[in-house]
Every structure is written in structure tokens, then in C-alpha cells.
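Take a look at the structure set out below.
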Amino acid sequence: MHNERDHLADRRWWSEPWLILLVVVAAAVMALLSLSRYGGHNTRAFDLGMMSQAVWTVLDGQPLVFTAQGVPISRLARHVEFIYFAIAPVYALFPSPATLLVIQALVYALAAIPVWRIANRRLDDKRAALALALVYLLYPVGMTAVLFEFHADVLAMSLLLFMLDALDKRSRGWYVFWLILALACKFYVAIPVAVLGALLWWRGERTLGQATLLVSLFWGALAFLVVRPLFAPQDLAQASALKATTASYLDFYFGPLDSLRPRIANAMIVFLPSLLLLGWRAPMWLLPAAAVAVPVLLSGGPGPSYDYRFHHYAITVPFLVVAIIYGASAMRERATKLGQEARGWARAWYRLVIYTLGLTALLAVLLVDMPLNPLFYRAPAHSGLGLDATGYGKTSRDDLRATWLESRVPEHAPVATDRLSGLHLVNRPILYLTHGLKTRTFEQVMDDVDYVVVDALHDFALATDDHVYEGGVKENWPALRTVLADPTFGLTQAIDGLLVFERDATGMKQEVGSLNMTGAGEMREPVQLFGDAVALHDATIADLGDGQHEAILSWSALPGLAEMSQLFAVSRLQGVTGARIVHLPTMSLLPTTSWPSDRLIRETITFALPEDLPAGKYEVWVSWYDSSVAAAAATDERSRVGEELLIGTVEASF
């Protein structure tokens, strides 16, 4: 009878339109949100970039190699993510980071099916099963894990639920299948699975429990102590810097602890939806979740790593959701045993299921950055949330960056780039980041690349009250200074602050120097003062032919410049969107913070007109901007110093 009921439960999900709708909507929403952040160049951690390059290298016969940190290293030397080999064939058909985001959203949503099956099997109530499937889809740390770029933890979260479904219906073959796939996601998936095995053994399922325990312990030890060192760099210093040794890995994630209060708050977010009403009634299932959550809560890793918005709690979700189901089942069985005496309590378990759904939904609405959250539609500027340009919002420049860069940097050519631009250049054997390198400096990795891509107007900035605490327009200026000073690279492509430097190329001139003001007899009086910071003495623009022009400008420092953050100059073509001309010499080679008060600054820049610019004459306007302002990359009135000045005209005749 039990097997017949299990068979019916497994078959019924196909004919449940509400369940199918939940899966489709959840997959679509999470995919669209993830793709929106990717398309808006706001996936700032570059985890998606590293995973994408690793999967792409499989197609080139490499073992999940990524190079962003300055040295080629396999994902098998880090978290041992064999599951990515299974993704590679799909990536071969659609070679884009977007593919990984869609796969992740789909796998996440599909796991609502095993949740529904377990709940329907245990509770024999399709409405309750549907509510519990929705609990899973709305579980806060599950949603935040999906929305935090791309990680194998999310894949493991879903695979573990399929495994627990097979366990519940006593399908040993499928149990082993899903178990192997889940363990292939990351080596530390072995921890909760080992705890599960021990609990099965203690509960009396000795053979299955012992096999689960031994397999998970063996694989965890093999992956961490053998596979990781096997694929780690041979140089011990490099391996340590890349967290590919046992000691460096543990030190990276388990350094000194800070305040306990935020850790307690995050623990409540993780456990409250499960534990408060129903999960405590099935404590066995809370232990595997705790085996993951407790180390994360004690972690001292960057981020901080214990923050619920990251991906580290994803593999607690299967056990927490199953604890809710088994807790409801325990209540139902107890009410059944009590019979007539418990008539008033016969459906108490159902009410608690609905209350659990309400609590989970409330926390999801308050804590997860998604459309159900009211702040999603009126997120503060530079918050990284909602429809803001730093969150899921998208600007015309984002579209320009994606399409323009892909057409300007040759396929497979070795390149160094910033994080945001790099996501659209990952399908190549060598891609180094311009900052955040672990074992080599940017100057050293430049010897290995043919192209350097820099966004001089880095437009991702997180700020509070205009105080920038992450990103900002100056993010890439150190790298820009380095490549401008390297004579082996020339600036060959530039549009709206997006710059491509090519090795051994004759680039567009970018020079700056200073003259003794008292000896410059031909020096004119200032033609414009930009606030109390900068004076312009002279400006000329010459046509060099082939759409290129040269501008020479003479500046001097005013008394107020010493009191200000670094300023930068930008010229624009009147009436042309996306055609700003960044004054690179005074941005990086001789920044305003280094200007002498008694010298004339002579700046020479060569710039090219956009190739699709209609024929005609265009005015060139220049102004200065304050780099400390969160919105400085927009180069508008929010950061402008003084007023714009017309310095000449150029003619397009393509």
C-alpha cells in the first residue's frame, strides 16, 4: 500500500497545474533577475566570470581552469566542483555566462517538485504539498544564493532535495544517483551528507546509513586532501596565495571572529522559517543543516562570508525544508493516533504549514532583493538594490559595453581587464583582472597579454549619503596609469571611457607635461575658471584625418584645488550620446592631486570620432568633475565643478 501511494504521489505532480506554474514562474523570475544584473554589469564579485571561464576551458581540454587571479588554476584545486563538467556540453551550445545563470535558476526551481512529492507523500494533502513547495521557493537564503551570481552550492541544494525525495520513497538506485551528483558539486557537501548517514544508521537503517556515512567521508577526505593538492600550483607560495593548500584555505575562511550580534541575526534568518513552528518537531533533519550553518556562522572570511545574502547557506535549505515537512507529518500522525480526543487538533498541522508559508514569505519580502520587496521599485541610488542602475537596472552604456568590447577584442586573445568588462570577455584561455590579483602584480601579468581593457568611467558605485564605500569612478585608474606608462601598449580603441590598449600598436597620443608659468611668455590669461579649482588658459583642436583629432589644453591649479579630491576632465560632443572623451593624461599620468601651484599643465590627447557618427560639425564642450561623488561616472551636474566650456568644433565626414 505504501509503495502504491508513493507511485501515485510521484505520478500526480505531472497533473498539478499550480505546481507547474510555480516552477515556471520561479525559474523565469530568478533567471530574469540574474540576467538583469549580469546585463547591467553589476555582478561585481566576478564569481560568475571565474566559473564561466572554468567551464569554457573544458571545451578546450582543460580541467576547469580559470586565470582571473593572475595564475591559471583549476576549480578542482579550490572547491572540487566536478559538476561543472556536466554543464560544459550545454555551455558549448550557448557559450555565455548567461547560460550558467539560466541553468542555475532552472535547477533551483525544479527542486520544488521533490519538495511537493515528499510533502504529498507524507501528508496526503496536495494543498499542503503546494504550500510547502512554495516555502522552498521563498526560503530567504535559498533565494539569495540563486541571486548571488553563480555557484555550485545552488546546484547542490536542488540535487540534495532530489536525493531526499528518493530516500523518502526508498528508491535506493535514485538515491545513489542524486547523492553522487550532489557530492560532485563541492567537497564540503560531504559534511551534511555524512551527518545524514550517521542519523540514518542511528535510526536503524544501518546498511544505508553506514554506506552514506562512509561514502561521504571518503569522498570528502579524498577531494580535500588528494584532489585539491593534485590540481594546485606546484609553487607552494602560489598555492597558498590562491587558497589551494589546506592551511591557507582554513585560514582564509576561519580567521579571527568579530561581533557576535550580526552572526546571531544571520542564524535567525537561516533557521527561523523552519525551526519556529514545525522544524523543531523533526530535529533529526536540523542536524545536517547545522553542520553547514554553524561553520559558516563562525567563519571569518571576507564579505563577511556569514552574511545570509551570499551563497554559503544554500545547502542548509534542503534539510530545513524537509524538517518542516516531517514536523508537519509528525503532528498529523499524532493527531491520527489520538483519534476522537484530538478532533479539534486534527488539522492543526495544516494551519502551521500555512503559518510557516506566511512567515517565510514575509521574511523573503523583507530580506530578499526581488520584485515582492517594496524597496525593489524605489531603491536608493547607488544602493546596489532593486531597479537602481547598480542593482537590476540597466543603462544604454551597459548595452554599449557588452556589444562594443566583444567586437573590439579578438576571440581567444589573452587580455587583462576590469571585473565588469571582463564578464563579456571570459571565453578565452587567458583573462587576468587588472586588480585583485593574488600572486603577481598587474605590471607582471601585462607581459602575458596582448590586450588591456579598462573602463576609465567605472560606473558602479555603492554609496551612503554620497560616501562611496565600494567601486566608484576611480576604481580602474591605478591600472590605467600603469598601462598608459607602458610604451609597449598603445590606445587603439576608445569610446565613452571604454578603452582598449593593444601590444606593439601605434596608439592615440596621451601626454602631459608642466611648464614654468613665469617663463611662458605666450601664456594667455585664463579663459575659464572651473570653480575655485582649475583654470583653462588655452585650448586648440586639430584635425589629424581619418576621423582622428588632437586637442591641446593648458591648465593651472587654483587655490581651491588643494582642498578637493582628485578631479578629472571630460569633453563631449554636443548632441551625441555615448561619445564622451576622457582626458586620460590628467586623470592618471599627472592627477590634479599632484599639480604644482606654480606650473602650467600642458595636456595633449588624441581622440577618434565614433565610426557611426553622421557627417556634420559638432561642438566640443569640456568640464571638470569631482571623483569623490558617487555619481561622478555620469559626468553631469551632480559632480561638475564650475560650468562647461565650448572649446571648438570637429567635423565628421565618414
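The values are calculated or read from the model by the stated rules, or taken from the named source; none is laboratory data. Since this is a predicted model, take the numbers as computed values, not measurements. Quick reminder, even Gly has a Cβ in these numbers, built from the backbone with ideal geometry, and neighbours come from all protein chains shown. Ligands, DNA and RNA are excluded from the accessible area calculation, which covers all protein heavy atoms including side chains. Shrake-Rupley method; radii C 1.70, N 1.55, O 1.52, S 1.80 Å.
Condition check: among the small types (Gly, Ala, Ser), in a loop (DSSP other than H, G, I, E, B), open to solvent by 40 Å² or more (accessible area, probe 1.4 Å) and under 30 Å from residue 37 (Cα atoms). Does residue 303 satisfy that? Break it down into steps so the answer makes sense when it comes.
Details: among the small types (Gly, Ala, Ser): yes; in a loop (DSSP other than H, G, I, E, B): yes; open to solvent by 40 Å² or more (accessible area, probe 1.4 Å): yes; under 30 Å from residue 37 (Cα atoms): yes.
The answer is yes for residue 303.
Sort out for me the strands (runs of 3 or more DSSP E) sitting completely within the stretch 544-654 that have 1 or more residues that are basic (Lys, Arg) and buried (at least 16 other Cβ atoms within 10 Å of the Cβ).
Numbers: elements: 548-557, 567-573, 599-608, 616-626, 640-652.
Of the strands (runs of 3 or more DSSP E) lying wholly inside the stretch 544-654, those with at least 1 residues that are basic (Lys, Arg) and buried (at least 16 other Cβ atoms within 10 Å of the Cβ) span 567-573, 599-608, 640-652.
Scan the helices (runs of 4 or more DSSP H) fully inside the stretch 59-166 and keep the ones with 3 or more residues being of a type outside the set (Gly, Ala, Ser) and without any contact (Cβ under 8 Å) to a residue 60 or more places away in the chain. Reasoning before the result, please.
Numbers: elements: 83-93, 97-110, 112-123, 126-138, 140-147.
Helices (runs of 4 or more DSSP H) meeting the threshold: 83-93, 97-110.
For the stretch 73-86, state whether one or more residues are open to solvent by less than 10 Å² (accessible area, probe 1.4 Å) and in contact with a Ser or Thr (Cβ under 7 Å, 6 or more places away or on another chain).
Scanning the stretch 73-86, I find no residue that is open to solvent by less than 10 Å² (accessible area, probe 1.4 Å) and in contact with a Ser or Thr (Cβ under 7 Å, 6 or more places away or on another chain), so the answer is no.
Answer yes or no: is there a residue in the stretch 401-423 that is in a loop (DSSP other than H, G, I, E, B), in contact with an Asp or Glu (Cβ under 7 Å, 6 or more places away or on another chain) and either among the β-branched types (Val, Ile, Thr) or open to solvent by 60 Å² or more (accessible area, probe 1.4 Å) (or both).
Taking the stretch 401-423 as the starting set, the residues that turn out to be in a loop (DSSP other than H, G, I, E, B) are 409-414, 418, 423.
With the extra rule that they be in contact with an Asp or Glu (Cβ under 7 Å, 6 or more places away or on another chain), the set shrinks to 413-414, 418.
Restricting the remaining residues to those that are either among the β-branched types (Val, Ile, Thr) or open to solvent by 60 Å² or more (accessible area, probe 1.4 Å) (or both) gives none.
Within the stretch 401-423, none of the residues are in a loop (DSSP other than H, G, I, E, B), in contact with an Asp or Glu (Cβ under 7 Å, 6 or more places away or on another chain) and either among the β-branched types (Val, Ile, Thr) or open to solvent by 60 Å² or more (accessible area, probe 1.4 Å) (or both).
What single numbered condition from (1) under 19 Å from residue 392 (Cβ atoms); (2) modelled with pLDDT of 95 or more fails to hold for residue 45?
Exception for residue 45: condition (2).
Which numbered condition in (1) in a strand (DSSP E or B); (2) open to solvent by 30 Å² or more (accessible area, probe 1.4 Å); (3) under 28 Å from residue 402 (Cβ atoms); (4) out of contact with any Asp or Glu (no Cβ under 9 Å at 6 or more places or on another chain) is the only one that residue 500 fails?
Going through (1) in a strand (DSSP E or B); (2) open to solvent by 30 Å² or more (accessible area, probe 1.4 Å); (3) under 28 Å from residue 402 (Cβ atoms); (4) out of contact with any Asp or Glu (no Cβ under 9 Å at 6 or more places or on another chain) one by one, residue 500 breaks only (2).
What is the one condition in (1) surrounded by fewer than 22 Cβ atoms within 10 Å (Cβ to Cβ); (2) closer than 22 Å to residue 153 by Cβ; (3) under 17 Å from the mean Cα position of the chain (by Cα) that residue 52 does not satisfy?
(1)
May I ask you to say which residue of 226, 215, 189, 176 is in contact (Cβ under 8 Å) with a residue 60 or more places away in the chain and assigned to a helix (DSSP H, G or I)? First the steps, then the outcome.
On the way: 226 fails: in contact (Cβ under 8 Å) with a residue 60 or more places away in the chain; 215 fails: in contact (Cβ under 8 Å) with a residue 60 or more places away in the chain; 176 fails: in contact (Cβ under 8 Å) with a residue 60 or more places away in the chain.
Only one candidate passes the filter, namely 189.
Please give the number of the condition residue 126 fails out of (1) closer than 30 Å to residue 421 by Cβ; (2) surrounded by fewer than 21 Cβ atoms within 10 Å (Cβ to Cβ).
Answer for residue 126: the failing condition is (1).
Quick one: which residue in 590, 600, 584 is more than 20 Å from residue 455 (Cα to Cα) and among the aliphatic types (A, V, I, L, M)? Spell out the reasoning first.
Working: 590 fails: more than 20 Å from residue 455 (Cα to Cα); 584 fails: more than 20 Å from residue 455 (Cα to Cα).
Every option except 600 fails the conditions.
Which of the residues spanning the stretch 452-491 are hydroxyl-bearing (Ser, Thr, Tyr), over 21 Å from the mean Cα position of the chain (by Cα) and either at pLDDT below 95 or part of a loop (DSSP other than H, G, I, E, B) (or both)?
Scanning the stretch 452-491 gives a single hit, 488.
Being free of Cβ contacts under 8 Å to residues at least 60 places away in the same chain and within 10 Å of residue 456 (Cβ to Cβ) is the filter here, so list the residues in the stretch 476-485 that pass it.
Of everything in the stretch 476-485, just one residue is free of Cβ contacts under 8 Å to residues at least 60 places away in the same chain and within 10 Å of residue 456 (Cβ to Cβ), namely 476.
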